[in-house]
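Read the structure below first, then the notes.
Coordinate-derived values only; no laboratory data. Nothing here was measured: the structure is a model prediction, and the numbers come from that model. Ideal geometry is used to build each Cβ from the backbone, glycine not excepted, and the neighbour counts take in all protein chains shown.
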Amino acid sequence: MIKSRAAVAWAAGAPLEITEIDVAPPQAGEVLLRVVATGVCHTDAYTLSGDDPEGLFPAILGHEGGAIVEAIGPGVTSLAVGDHVIPLYTPECGKCKFCLSGKTNLCQAIRGTQGKGLMPDGTSRFSKDGKPIFHYMGTSTFSEYTVLPEIAVAKISKDAPLEKVCLLGCGVTTGMGAVLNTAKVTPGSTVAIFGLGGIGLSAVIGAVMAKASRIIGIDTNPAKFEIAKQLGATECINPKDFDKPIQQVIVDLTDGGVDYSFECIGNVNVMRSALECCHKGWGESIIIGVAGAGQEISTRPFQLVTGRVWRGSAFGGVRGRSELPGYVDRFQKGEIPLDTFITHKMGLKDINHAFELMHEGKSIRTVIHY
Ligand code: NAD
Ligand code: AHE
Ligand code: ZN
Ligand code: ZN
């Protein structure tokens, strides 16, 4: 057992408690990581709120980390002590039906236990005063030390700054990947991006890379517009400024609708708007946002009958072990402006403030360092 500083979510809706916990050694096929830095994603806030049907308490949240391998368990062959890594909430075993399909990044090798807040052997490595604490998304990066299965760890270049490339562990990869891998936006396309937080802004940079001709950013918080334009949005609009539905506004602006839209909020009403602002015959809408328990999407089936396509994207369709190191290299070459996303940096003790900044719409990403 080692001691670790961690932010523990004891109950839904309660602030995280910064405290010392016990971390058990890595078992067969597992590695112990020292987390150097972690981003705070809206999904952490969603689960903390109690809206996540898979949410468990007490738990150690966090899934956007940059880390160093501290120890390896028996049988681990692809990682060594000292390796720089990004924890993966979407692992890549390379052997399951999903990995072998070549059609998806959603490896299911350990999805069952991961969703139950446990390691693949059905137990937790975290405890406090002998009481177990659940893992979260298989990553739990809000603890200085965390344990992951080898298949859920991407080895990256040692030259990359972990306090920046941690954002590739979720937010930036998710938005970019949804545009480039899931939608496969083609040059000259028109794109609408709903929600200009960390995910939506990453979709903006993906759309720039895809050479979209128009990138329309939509947000109810106009404070997000400047950064969206800096990253390449060609225009930004606030639904509150119009007295007609936002899908109608976009259809009117784009001669019948956009080629691609992305929902980066987690609001089922906006998901409908995002679908319905797509062009008849071919427009595709990608759901990235995560909606709360019990929420459902709806539209008139006629929207699909007439050629619009509704799809979803998790972790940008990226296979973490084989493809994420390439995203890190692209950052190193100056192709991914991670610095623009990091609006705040703070120590673990201030992590509750990072959640406040997110809820107040004042941050894009806060990076927590240990
Ligand atoms: P964020 O809080 O940083 O950004 C959300 C943005 O949406 C904010 O700018 C907010 O002002 C805007 N917004 C809220 N309501 C709106 C409305 N009705 N109309 C227009 N804009 C509105 O959150 P984030 O970290 O960017 O995450 C966004 C969503 O993506 C969350 O639901 C998160 O859980 C989800 N997510 C999904 C994946 C995935 O793999 N599918 C990965 C990461 C995050
Ligand atoms: N637990 C939620 C689902 C949450 C969800 O959809 N998570 C995304 C990643 S969000 C990262 O910020 C994801 O990868 N989903 C695929 C998966 O297998 O969870 C619920 O509704 O139960
Ligand atoms: Zn996330
Ligand atoms: Zn697999």
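Here are the numbers for the structure shown:
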| item | result |
| --- | --- |
| Residue count, region 120-143 (criterion: aliphatic (A, V, I, L, M) and within 18 Å of L88 (Cα to Cα)) | 1 |
| Selection within region 41-99 - touching a Cys at 6+ places or on another chain (Cβ under 9 Å), away from ligand 1 (no atom under 16 Å from the Cβ) and assigned to a helix (DSSP H, G or I) | C99 |
| Condition broken by T190, with the remaining ones in (1) within 16 Å of ligand 2 (Cβ to nearest atom); (2) closer than 26 Å to L253 by Cβ; (3) touching a His at 6+ places or on another chain (Cβ under 9 Å) satisfied | (1) |
| Among (1) over 26 Å from P337 (Cβ atoms); (2) surrounded by fewer than 20 Cβ atoms within 10 Å (Cβ to Cβ); (3) away from ligand 1 (no atom under 16 Å from the Cβ), the one test that T104 misses | (3) |
| Where a residue in region 90-105 is more than 20 Å from G65 (Cβ to Cβ) and its partner, wherever it lies, is in a helix (DSSP H, G or I) and within 15 Å of ligand 1 (Cβ to nearest atom), with Cβ under 8 Å and at least six apart | T104/G317 |
| Flag for S285 being of a type in the set (S, T, Y) and surrounded by 19 or more Cβ atoms within 10 Å (Cβ to Cβ) | yes |
| Residue among L231, L148 that alone is surrounded by fewer than 24 Cβ atoms within 10 Å (Cβ to Cβ) and either within 16 Å of ligand 2 (Cβ to nearest atom) or under 28 Å from E360 (Cβ atoms) (or both) | L231 |
| Check on K164, over 17 Å from T343 (Cβ atoms), among the charged types (D, E, K, R) and away from ligand 3 (no atom under 13 Å from the Cβ) | no |
| Candidate set from region 199-223 (those that are in a helix (DSSP H, G or I) and of a type outside the set (G, A, S)); member that is farthest from V172 (Cα to Cα) | P222 |
| Of residues in region 241-259 being touching a Ser or Thr at 6+ places or on another chain (Cβ under 6 Å) and not acidic (D, E), the one surrounded by the most Cβ atoms within 10 Å (Cβ to Cβ) | V258 |
| Selected residue (only one of A354, A314, A291 is out of contact with any Asp or Glu (no Cβ under 7 Å at 6 or more places or on another chain), under 15 Å from A183 (Cα atoms) and of a type in the set (A, V, I, L, M)) | A314 |
| Check on D44, of a type outside the set (A, V, I, L, M, F, W, C), farther than 19 Å from L324 by Cα, within 15 Å of ligand 3 (Cβ to nearest atom) and surrounded by fewer than 22 Cβ atoms within 10 Å (Cβ to Cβ) | no |
| Subset of region 106-121 that is touching a residue at least 24 places away in the same chain (Cβ under 8 Å) and in a helix (DSSP H, G or I) - its residue that is nearest to ligand 4 (Cβ to nearest atom) | Q114 |
